[in-house]
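Colleague: Before I ask anything, here is the structure I am working with.
Computed from the coordinates by the stated procedures, all read-outs in this text should not be read as laboratory data. Just so you know, these numbers come straight off a predicted model, no measurement behind them. Don't worry about glycine lacking a Cβ; one is built from the backbone with ideal geometry, like all the others, and counts go over all protein chains shown.
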Amino acid sequence: MSLEVEKIGKTIDEAKRAAIEELGVSADLVDFVEVIEPSKGFLGLIGGKPAKVKAVVRELAPVEKAKKFLSDIFAAMSLDVDINMTESEDGTVFNLIGENLGILIGKHGQTLDSLQYLSNLAANRGITDNKVRIIIDIENYRNRREDTLRRLAVRLADKVKRTGERIVLEPMNRHERKIIHMALQDNYRVSTYSSGDEPYRKVVIELKRGGRRENRERKDREITN
């Protein structure tokens with residue numbers, strides 16, 4: 001795609017339309033840095049000149065790049081989605097608003113995570129310093145998912161304490177693994193660690209060494225009694 005183009009036409013509007021078409025972007029992304037009106041020439045017949053424009057594609061800010069990237073995807077999917085942007089300590093949050101957006105979440109948020117990853121690539125293309133961070137959410141899904149993971153961590157830790165058997169969770173991204181680790185970091189009977197390679201890295205919950213001994217003694221008492 002060209003970033004700059006010069007076009008002529010019978011009128012200024014005709015030349016502008018030709019420039020926008022060749023640039024291949026929407027009109028709101030084009031700036032006209034030079035505009036020359038058409039001239040009729042001598043007696044309106046000789047030496048006349050057409051209208052001429054010079055157009056350039058306006059450089060978008062990183063966050064605008066991400067928003068445009070998402071808007072283009074939603075348009076291709078025929079989805080009517082509003083993007084509400086807010087700032088947080090972690091970055092710029094894009095809260096997607098619309099009907100039947102479950103398709104954009106996917107299983108355990110996998111599709112949402114992919115959209116977020118690609119949006120960050122689009123936003124930071126060509127940037128080496130001061131990169132922005134885009135967070136994509138739908139109807140507070142991420143907070144609800146975090147609550148679910150914390151409850152899951154506590155429930156599985158209780159199971160590990162009862163059975164003495166370690167539990168390996170399904171693969172999770174780094175953020176979700178951190179939620180599990182943080183939820184159980186103060187539990188004195190179980191420990192957690194991550195195992196495997198991305199994107200299949202998993203959290204493992206197991207008894208601490210003292211917990212294993214305590215569990216064996218409890219089982220011995222149950223058998224004796």
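Colleague: Which percent, to the nearest 5, of DSSP beta bridges fully inside region 96-207 are antiparallel? Write down the numbers at each step before the final one.
Modeller: Numbers: 8 of 9 bridges.
Rounded to the nearest five, the antiparallel share is 90 percent.
Colleague: Which percentage, to the nearest 5, of the DSSP beta bridges contained in the chain is antiparallel? Please list the in-between numbers first.
Modeller: Details: 29 of 34 bridges.
Here the antiparallel bridges make up roughly 85 percent for the chain.
Colleague: What is the extension gain from ARG189 to ARG166, computed as 0.36 nm multiplied by their sequence separation minus the C-alpha to C-alpha distance, in nm to one decimal? Can you show the working numbers first?
Modeller: Numbers: separation 23, 0.36 × 23 = 8.28 nm, distance 1.20 nm.
Contour length minus Cα-Cα distance gives 7.1 nm.
Colleague: Note down the relative contact order for the chain as a percent, whole number, built from C-alpha pairs under 8 angstrom at least six residues apart. Each step should come with its number before you reach the end.
Modeller: Numbers: 333 pairs, mean separation 27.5, N = 225.
Relative contact order of the chain: 12 percent.
Colleague: Taking the Cα centre of region 67-169 as the origin and placing charges on Cβ (Lys, Arg +1; Asp, Glu -1), which of ALA122, GLY164, VAL132 is farthest toward the positive end of the dipole?
Modeller: GLY164
Colleague: Let me know the Rg and Dmax you get for the chain when you use only its Cα atoms, in Å.
Modeller: 29.1, 118
Colleague: So, one more: Under 8 Å for C-alpha pairs, at least 6 residues apart: give me the relative contact order for region 1-111, rounded to a whole percent. Walk me through the numbers before you get to the answer.
Modeller: On the way: 155 pairs, mean separation 22.7, N = 111.
Result for region 1-111 is 20 percent.
Colleague: First obtain the Kirkwood hydrodynamic radius of region 128-196 from its Cα pairs, then insert it into the Stokes-Einstein equation at 37 °C and 0.692 mPa s, and state the resulting D in µm² per second as a whole number. Can you show the working numbers first?
Modeller: Numbers: Rh = 13.8 Å.
Once the numbers are plugged in, D ends up at 238 µm²/s.
Colleague: May I ask for the angle, rounded to the nearest 10°, between helix 209-224 and the longest principal axis of the chain, with both axes built from Cα atoms and the value confined to 0 to 90°?
Modeller: The answer is roughly 40 degrees.
Colleague: Let me have the relative contact order for region 93-186, percent, based on Cα pairs under 8 Å that are six or more residues apart. Walk me through the numbers on the way to the answer.
Modeller: Working: 60 pairs, mean separation 27.1, N = 94.
This gives 29 percent for region 93-186.
Colleague: Continuing with the same structure: Quick check: the angle from helix 110-123's long axis to the longest principal axis of the chain, C-alpha only, nearest 10 degrees?
Modeller: Tilt of helix 110-123: around 40 degrees.
Colleague: Using 0.36 nm per residue of separation minus the Cα-Cα distance, give me the extension gain between ILE83 and THR128 in nm, one decimal. Can you show the working numbers first?
Modeller: On the way: separation 45, 0.36 × 45 = 16.20 nm, distance 2.62 nm.
Going from the current span to full extension adds 13.6 nm.
Colleague: For the chain, take the longest principal axis of its alpha carbons; what is the angle in degrees between that and the long axis of helix 141-163, to the nearest 10 within 0 to 90?
Modeller: 20
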